[in-house]
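Colleague: Please find one structure pasted underneath; my questions will follow.
What follows is calculated from the coordinates using simple rules that are stated; it is not laboratory data. Quick caveat, the model's predicted, so the values are computed rather than measured. We place every Cβ from the backbone using ideal geometry, glycine too, and count neighbours over all the protein chains shown.
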Amino acid sequence: MNCQFKPKDRIGTINPIFTCQPAGAQYASIGIKDCIGIVHGGQGCVMFVRLLISQHLKESFEIASSSVHEDGAVFGALDRVEEAVDVLLMRYPHVKVVPIITTCSTEVIGDDVDGVVTKLQEELLDVKYPDREVHLIPIHCPSFVGSMVTGYDVAVRDFVKHFSKKDKPSLKINLITGWVNPGDVKELKHLLAEMQVEANVLFEIESFDSPLMPDKSAVSHGSTTIADLTATADAQGTIALNRYEGGLAATWLQTRWDVPAVIGPTPIGIRNTDTFLRNVKEMTGKPIPESLVKERGIALDAITDLAHMFLADKKVAIYGNPDLVLGLAEYCLDLEMKPVLLLLGDENAGYANDPRIAALKANVDYPMEIITNADLFELEERIKNGLELDLILGHSKGRFVAIDYNIPMLRVGFPTYDRAGLYRYPVVGYAGATWLAEQMANTLFNDMEVKKNREWILNVW
């Protein structure tokens, strides 16, 4: 068997690829308009995650903490939730959506967050804010299981469960983007607009590439509204672009409201973007316009200029969120590259039945490893033990491995904070396919200059 799929063979994690579940729930919550989440846990559970997101998007946004201290960690801290909700609503009169995101400490001590939501509804909202629309949503994110990916998946499902409601059939579709950048959302909306398809976009974070206005406003907000979330029950269907970042919500909508669901593939590269557009066409009956055929042709032309001449046979290691990693691997194979190491930073029972992994195991004709519950020490160990790489694809946390072993690296994924403006550029769609291919080639070209390699090793002279 050329492609091996296995967990890492040691206990413990060194230099993790992912952070914990509450981070994913926080990333989902920032995509909702008039929403400020309360993270029920220690102050660091907000501070460090907020820092990561702010470093990545280079924007400021609001998120709150119940600031649990030692006494609360022993005796319970539901009083901190009650106080946090009251203070938040007083300070921010526009807020309508308040997810209460648990953490490892508050899950371990067994705080009844669902119960305190009922209590607050009766004793706070109905009494102090009777004429104000406020939605308190418990989101359970025990940090000792899963990862930021599962936290995002759970949060999207819980938002949809809370708001979705049948009214009258709609011609809109639900588009669950997964953990993407503002540039990805912009590209996805562009593809749908060209097909004249309207969508409830979950979650709309294009606005996080926000302007600095004359009034000096500098706080970004998501743009998905309560109405968008409510309307998900009436949509023609749901397309979740990622299996592990929105798949739960798509499946729930199909089960609860009989909204047809299509999950994946992540539209990275030409092949998967083609599939995405065909799925939209089949769901809505709208044709794929000539304008998108032309965009596809432009992307193919750009790829043709690069693939065989410069990218063919280059060995790549990829790490990050699973849907991103698998989508990038499929695209690299289409570019004649050789992804030799795929690192998925958590354990997920769904990996064993993932058709993309099954396809890699069946079709790859050279040595490849797919490692689950992996960390960046795993990448470093393989390089030390002789794994030859031409390129690394992943987020900024792996930069020291690239630096120490002198391997060129293209930043892709979350968090990326040591390159400027990458959140503006899509990795999905035909524009994303072009950008990825050109950036991989430019990374290799730049590496030749840094190493003062005067020979044109990239198949040219």
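Colleague: Scan around Cys3 for amide H atoms under 5 Å from its own, H built in the peptide plane at 1.01 Å from N, and keep only partners 5 or more places away or cross-chain.
Modeller: Residues meeting the amide H criterion: Met368.
Colleague: Defining a contact as two alpha carbons under 8 Å apart and six or more residues distant in sequence, what relative contact order in percent does region 84-232 show?
Modeller: This gives 21 percent for region 84-232.
Colleague: Determine the sum of side-chain charges near Ala312: Lys and Arg each +1, Asp and Glu each -1, restricted to other residues whose C-beta is under 15 angstrom from that of Ala312.
Modeller: Cβ neighbours under 15 Å give a net charge of -3.
Colleague: HN-Hα J couplings of region 332-338 from phi, Karplus 6.51/-1.76/1.60, θ = phi - 60°, integer Hz, Gly and Pro as x?
Modeller: Values per residue, Gly and Pro as x: 4, 4, 5, 8, 6, 7, 10 Hz.
Colleague: Still on this structure, I have one more. What shape does region 294-350 have by the C-alpha gyration tensor, where a ≥ b ≥ c are the square roots of the eigenvalues, rounded means a/c under 1.5, and otherwise prolate means a/b greater than b/c and oblate the rest?
Modeller: Cα axes put region 294-350 in the oblate bin.
Colleague: How long are the three semi-axes of the equivalent ellipsoid of the chain, in whole Å, if each is the root of 5 times an eigenvalue of the C-alpha gyration tensor, listed from largest down?
Modeller: Working from the Cα gyration tensor, I get semi-axes of 38, 26, 20 Å.
Colleague: Next question, about the same structure. Excluding same-chain pairs closer than 8 in sequence, count the lysine pairs in region 220-358 whose Cα atoms lie under 25 Å apart.
Modeller: Close lysine pairs found across region 220-358: 4.
Colleague: Still on this structure: Bin by bin, in steps of 5 Å, what percent of the Cα pairs in region 21-146 do you find, going until the bin that has the longest distance?
Modeller: Here the calculated profile for region 21-146 is 2, 11, 23, 24, 21, 12, 6, 1, 0.
Colleague: Across region 81-217, how many lysine pairs, 8 or more apart or on two chains, come within less than 25 Å at their alpha-carbon atoms?
Modeller: 19
Colleague: Ala233: net charge of surrounding residues, Cβ under 13 Å, Lys/Arg +1, Asp/Glu -1, itself excluded?
Modeller: Here the charged neighbours net out to +2.
Colleague: Can you give me the relative contact order of region 175-280 as a percent, contacts being Cα pairs under 8 Å and 6 or more apart?
Modeller: 25 percent
Colleague: Moving on. All other residues with a Cβ under 13 Å from the Cβ of Glu62 taken together, and with Lys, Arg as +1 and Asp, Glu as -1, what is their net charge?
Modeller: +1
Colleague: Relative contact order for the chain using alpha-carbon pairs under 8 Å, separation at least 6, rounded to a whole percent?
Modeller: Reported relative contact order: 19 percent.
Colleague: Still on this structure: Going by a ≥ b ≥ c, the root eigenvalues of the Cα gyration tensor, does region 360-461 fall in the rounded group (a/c under 1.5), the prolate group (a/b larger than b/c) or the oblate group?
Modeller: Judged from the Cα gyration tensor, region 360-461 comes out rounded (a/c under 1.5).
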